[in-house]
Amino acid sequence: MSEKISRRGFMKGSTKAGLAFYLINKFSLRSNAQEIQRPIVITSGGRSGLEANEAAWEVLSRGGSALDAVEKGANVVELDPENTSVGYGGIPNEEGVVELDASIMCGKTRNAGSVGGLRNIKTPSSAARLVMERSDHIMLVGEGALKFAKAHGFKEEDLLTERARKIWLRWKENLSPNDDWFPPEDNKYEIERPQGTINVLAVDTYGNIAGITTTSGLGFKIPGRVGDSPIIGAGLYVDNEVGAAGATGRGEEVIKICGSYQVVENMRNGMTPQQACEDVCRRIIKWHNGKVNFSDKFVAVNKDGLTGCAQVRGRKGARGPSYTVFDKRGNETYYGVTIITY
Ligand code: ASP
């Protein structure tokens, strides 16, 4: 199968066989068959992904660094009160308190920084960057992370928006018929565990690579729970010699398999980003003997700007997992591969 077909190039000049391939697989693989695509920024998708790309591209297109680009991109999403899975406006823990996880990694130096369970700071990825650049540590959590951020001038702010509070309250009221919290009479709330995260990965004009993963984590988590996002090698991994990868979805599974590190290692060993993401999804499935009731998703970009995306599980008939790509051809959403459908 040819993975060297960019969607635009492909849609323009498709053969019948090519079209069949496209329809059967319902995803597009995008690459740089002949040319190196640099600079480039990719995210794990959605409207927020396109917005993050815009901000990151602003930096990349004027020759800025991948590190500055991913931070700018991630900040846009973190500051968006409408996004309930990242930064300000994120869904809180079981006690109604927003706790954020974020990591950053620089492919050139292979240095990294992260924060876990950080409260009251709207842009945890910027705090993570300061851990990387202004401390001799990689990861700070909880109270220590907050103190460190405040020492660097971050303002403490309430991160719980009205929207997130209402979602949390409905969850709490619906938890048990045996407690004293009553749901409202018109209650149409379906209890679903909100999740979501954004990965922002970039390769700049000079071939330097950087990435950020930022999230409010699993909705209604036990206070203090830290997911994969701030764990280097799990939610994020970057190496200038190879590329970058990020994960979203059920963090516990990603931690156990060192997911993003494994995607990068797969690329180091010769896989395309697409093959590398699919391989790690398959490993997760194998560890569960083919039975999974959760999903994880990986996005990856290699140093030449070839991209890939796969998820463990998704609805039958739905498009594959989305991811967004901004390079000199524009800012677009693409769809990767779902391994198990239900
Ligand atoms: N991976 C995140 C976590 O486990 C959540 C998500 O991406 O939905 O905290």
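No value in this document is a laboratory result; all are computed from the given coordinates. All figures in this text were calculated on a predicted structure; none of them were measured in a lab. Note: ideal-geometry Cβ built from the backbone for every residue, glycine included; neighbour counts use all protein chains shown.
Condition first: away from the ligand (no atom under 13 Å from the Cβ) and touching a Lys or Arg at 6+ places or on another chain (Cβ under 6 Å). Now tell me which residues in segment 208-226 satisfy that.
Once the filter is applied, which keeps residues that are away from the ligand (no atom under 13 Å from the Cβ) and touching a Lys or Arg at 6+ places or on another chain (Cβ under 6 Å), segment 208-226 yields only 208.
Restricting to segment 45-68, count the residues that are surrounded by fewer than 19 Cβ atoms within 10 Å (Cβ to Cβ) and over 15 Å from residue 198 (Cβ atoms).
Looking only at that region, the number is 6.
May I ask you to list the residues in segment 233-265 that are buried (at least 24 other Cβ atoms within 10 Å of the Cβ) and either β-branched (Val, Ile, Thr) or free of Cβ contacts under 8 Å to residues at least 12 places away in the same chain (or both)?
Matches in segment 233-265: 238, 248, 254, 263, 264.
Return the total of residues in segment 95-111 being over 12 Å from residue 164 (Cα atoms) and surrounded by fewer than 24 Cβ atoms within 10 Å (Cβ to Cβ).
Adding up the residues that qualify gives 6.
Residues 122, 172, 166: which one is in a loop (DSSP other than H, G, I, E, B) and either of a type in the set (Ser, Thr, Tyr) or more than 16 Å from the ligand (Cβ to nearest atom) (or both)?
Of 122, 172, 166, the one residue that is in a loop (DSSP other than H, G, I, E, B) and either of a type in the set (Ser, Thr, Tyr) or more than 16 Å from the ligand (Cβ to nearest atom) (or both) is 122.
Any idea which of (1) part of a helix (DSSP H, G or I); (2) under 21 Å from the mean Cα position of the chain (by Cα) is the one residue 146 doesn't satisfy?
Here residue 146 clears every test but (2).
Going by the structure shown, is residue 249 over 18 Å from residue 104 (Cβ atoms) and within 16 Å of the chain's Cα centre (by Cα)?
Yes, satisfied.
Among (1) touching a strand residue (DSSP E or B) at 6+ places or on another chain (Cβ under 6 Å); (2) free of Cβ contacts under 8 Å to residues at least 60 places away in the same chain; (3) in a helix (DSSP H, G or I), which single condition is residue 77 missing?
If we test residue 77 against (1) touching a strand residue (DSSP E or B) at 6+ places or on another chain (Cβ under 6 Å); (2) free of Cβ contacts under 8 Å to residues at least 60 places away in the same chain; (3) in a helix (DSSP H, G or I), just (2) comes out false.
Mind checking which residues of segment 266-299 are surrounded by 19 or more Cβ atoms within 10 Å (Cβ to Cβ) and within 12 Å of the ligand (Cβ to nearest atom)?
Within segment 266-299, 295, 296, 297, 298, 299 meet the criteria.
For segment 238-258, which positions are within 14 Å of the ligand (Cβ to nearest atom) and touching a Cys at 6+ places or on another chain (Cβ under 9 Å)?
245
Of everything in segment 85-104, what is of a type in the set (Ser, Thr, Tyr) and within 8 Å of residue 216 (Cα to Cα)? Give them in sequence order.
Across segment 85-104, the qualifying residue is only 85.
Taking the options 290, 320, name whichever one is within 19 Å of the chain's Cα centre (by Cα) and farther than 18 Å from residue 255 by Cα.
Residue meeting the stated conditions: 320.
With the structure loaded, tell me whether residue 196 is buried (at least 24 other Cβ atoms within 10 Å of the Cβ) and within 10 Å of the ligand (Cβ to nearest atom) or whether it fails that test.
The answer is no for residue 196.
Per-residue answers, yes or no, for (1) closer than 26 Å to residue 286 by Cα; (2) away from the ligand (no atom under 16 Å from the Cβ); (3) touching a residue at least 40 places away in the same chain (Cβ under 8 Å):
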{"site": "155", "(1), (2), (3)": "no, yes, no"}
{"site": "162", "(1), (2), (3)": "no, yes, no"}
{"site": "202", "(1), (2), (3)": "no, yes, yes"}
{"site": "230", "(1), (2), (3)": "yes, no, yes"}
